[in-house]
Amino acid sequence: MDETSDFQVALGLRQITMVIPPHSSKVKTAFSFPPEPLSAGRLSLSHLLKLVGKWSGWLLRNHWYLMAFPVTRLRRLRRTDQLRNLVRETRLTPDAFVYPMFVCRGEGVRKEVRSMPGVFNLSVDEAVKEAREVHSLGVPSVILFGLPDKKDEVATGAWADDGIVQQAARAIKSDVPDLILMGDVCLCEYMSHGHCGIVKSSSTPMSLGAAARDALSARRGVAVKRVKNEEEKLKVIDELASIVASVVESKFEIDNDASLELLARTSVSLTRAGIDIIAPSDMMDGRVAAIRRALDEAGFSNTPILSYAAKFASGFYGPFREAADSTPQFGDRRSYQMDGANLREAMREIELDVEEGADMIMVKPAMPYLDVIAAARDRFDLPLAAYQVSGEYAMIEAAARNGWIERDRVMMESLQSIRRAGASIVLTYYAKEAARLLA
Ligand code: PBG
């Protein structure tokens, strides 16, 4: 007690402002020492107890105060690189990375994606070269997306034996057998309308062409308008497009249950071609169960499913849709991808996928949804992946190319944040670059 009061006297303080630790932002002010003067004379038992209570509370608070600065100095462990390395809580290693690749037809094709500098559409032969490089950098896995020659309304390119991803998978598997091949299972890249499932009319089935014709005939006035110049022409085209979109949207919906069959068929076809992990990203209800059943029936009970369990409808997918040519031709994906506002619903999505048999789960995008990653880590014991999506990559690249941020530093910081939030696996367009820096 004496020591304490001496200390305070030395500081010349009667009133101390203190921050209550830990995890509390409350600032508590003004407790003074001693809490209550010990008065001479008779002490009743209740008075004594009250005093004990007050004094012990005071001691606890002051004890904390004394243990902190100057005794505790967190900067001691930040002094050198070696010390910082020793106490680092989150470590980045290339074996956590999965590198996304976009495969297209042709030979010797290496076409840079406009909104994703450094990312390419690759023909199968080039994809094999890229896969070799990825593997040699210590990155254990790639995830394949396909750009088919033709699109239709049943996504033939997704499940055909000679589909583009199937071809790439066979080629890569025979050249780099140790590389883990993930197959993104979705229909949007292969559908003429760009949606992730089968589109049907709310009432009777109708082709998109028919719906568009209906829309136009209902508004003939616009269609026959004379245009005088280029600008006006563009305006009319925009107008027409929005009319078609609104009519089509109001009449159509994405048929959940009918899409499951195609997703299951795609998964089996990809596995046959050599894909090691099936990663459904379509967000149809029940697809994990449907895929699990189909894989098992086809004799692939050892093929794991990495479910894009909590996939949010996000503006951050913009550059990907350019890379994979999968922008929806009308409407958007909000009727199947999640509302970005919902954390609890994300937990339900994950829970359902786990019940349906997912072996691993994913949260996507990553950086705008780090809290979802953290919550998922807290609640579920499956391996957890997060996808640093195209828009996250594009933002960093754009700012770096303008000289506004330090690219490498921001790249590593962004990846670290995803791992710190709790993801053990990170799908990222930076996989190669980051692995190079970590080597
Ligand atoms: C397919 C799919 C998308 C992405 C991964 N799988 C696009 C989308 O849902 O619109 C996005 C990946 C990225 O933005 O990098 N459905």
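Quick one: would you say MET412 is hydrophobic (A, V, I, L, M, F, W, C), assigned to a helix (DSSP H, G or I) and either touching a residue at least 24 places away in the same chain (Cβ under 8 Å) or assigned by TED's automatic domain parsing to the domain that holds ALA279 (or both)?
Numbers: hydrophobic (A, V, I, L, M, F, W, C): yes; assigned to a helix (DSSP H, G or I): yes; either touching a residue at least 24 places away in the same chain (Cβ under 8 Å) or assigned by TED's automatic domain parsing to the domain that holds ALA279 (or both): yes.
So MET412 passes the test.
Is there any pair with a first residue in segment 305-333 that is farther than 25 Å from LEU122 by Cα and a second that is of a type in the set (Asp, Glu) and near the ligand (Cβ under 8 Å from one of its atoms) whose Cβ atoms are under 9 Å apart and which are 6 or more apart or on different chains, and what are they?
Final answer for the pair search is LYS311/ASP282.
Looking only at segment 376-407, which residues are closer than 13 Å to ARG419 by Cα, more than 10 Å from the chain's Cα centre (by Cα) and of a type in the set (A, V, I, L, M)?
In the first step, residues of segment 376-407 are kept if they are closer than 13 Å to ARG419 by Cα; the result is 376-377, 383-388.
Imposing the further condition that a residue be more than 10 Å from the chain's Cα centre (by Cα) reduces the set to 376-377, 383-384.
Within segment 376-407, ALA376, LEU384 qualify.
Here is a yes/no grid of residues against (1) within 16 Å of the ligand (Cβ to nearest atom); (2) free of Cβ contacts under 8 Å to residues at least 12 places away in the same chain; (3) polar (S, T, N, Q):
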residue: ARG348; (1), (2), (3): no, yes, no
residue: VAL354; (1), (2), (3): no, no, no
residue: MET360; (1), (2), (3): yes, no, no
residue: ALA374; (1), (2), (3): no, no, no
residue: TYR387; (1), (2), (3): yes, no, no
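Report yes if ARG419 is away from the ligand (no atom under 16 Å from the Cβ), free of Cβ contacts under 8 Å to residues at least 12 places away in the same chain, assigned by TED's automatic domain parsing to the domain that holds ALA264 and not in a loop (DSSP other than H, G, I, E, B), otherwise no. Even if it seems obvious, please write down each step before you answer.
Working: away from the ligand (no atom under 16 Å from the Cβ): yes; free of Cβ contacts under 8 Å to residues at least 12 places away in the same chain: no; assigned by TED's automatic domain parsing to the domain that holds ALA264: yes; not in a loop (DSSP other than H, G, I, E, B): yes.
Judged against the criteria, ARG419 is not a match.
Quick check: anything in segment 283-290 more than 16 Å from the ligand (Cβ to nearest atom), in the same structural domain as ILE396 (by TED's automatic domain parsing), surrounded by 17 or more Cβ atoms within 10 Å (Cβ to Cβ) and closer than 26 Å to ALA375 by Cα? Talk me through it step by step, then tell me what you get.
First, pick out the residues of segment 283-290 that are more than 16 Å from the ligand (Cβ to nearest atom): 286, 289-290.
Now restrict to residues that are in the same structural domain as ILE396 (by TED's automatic domain parsing): 286, 289-290.
Adding the requirement that they be surrounded by 17 or more Cβ atoms within 10 Å (Cβ to Cβ) leaves 289-290.
When the remaining residues are screened for being closer than 26 Å to ALA375 by Cα, the result is 289.
Checked segment 283-290: at least one residue is more than 16 Å from the ligand (Cβ to nearest atom), in the same structural domain as ILE396 (by TED's automatic domain parsing), surrounded by 17 or more Cβ atoms within 10 Å (Cβ to Cβ) and closer than 26 Å to ALA375 by Cα.
Just to be sure before I move on: is TYR430 in contact with a Lys or Arg (Cβ under 7 Å, 6 or more places away or on another chain), assigned by TED's automatic domain parsing to the domain that holds MET182 and of a type outside the set (A, V, I, L, M) in the structure I sent? Before the answer, list the steps.
On the way: in contact with a Lys or Arg (Cβ under 7 Å, 6 or more places away or on another chain): no; assigned by TED's automatic domain parsing to the domain that holds MET182: yes; of a type outside the set (A, V, I, L, M): yes.
Judged against the criteria, TYR430 is not a match.
When you go through (1) touching a Lys or Arg at 6+ places or on another chain (Cβ under 8 Å); (2) buried (at least 23 other Cβ atoms within 10 Å of the Cβ) one by one for THR327, which number turns out not to apply?
(2)
The values are calculated or read from the model by the stated rules, or taken from the named source; none is laboratory data. The shown structure was predicted, so the numbers you read here are calculated from the model rather than taken from an experiment. As a convention, Cβ positions derive from the backbone with ideal geometry for all residues, glycine included, and neighbour counts pool all protein chains shown.
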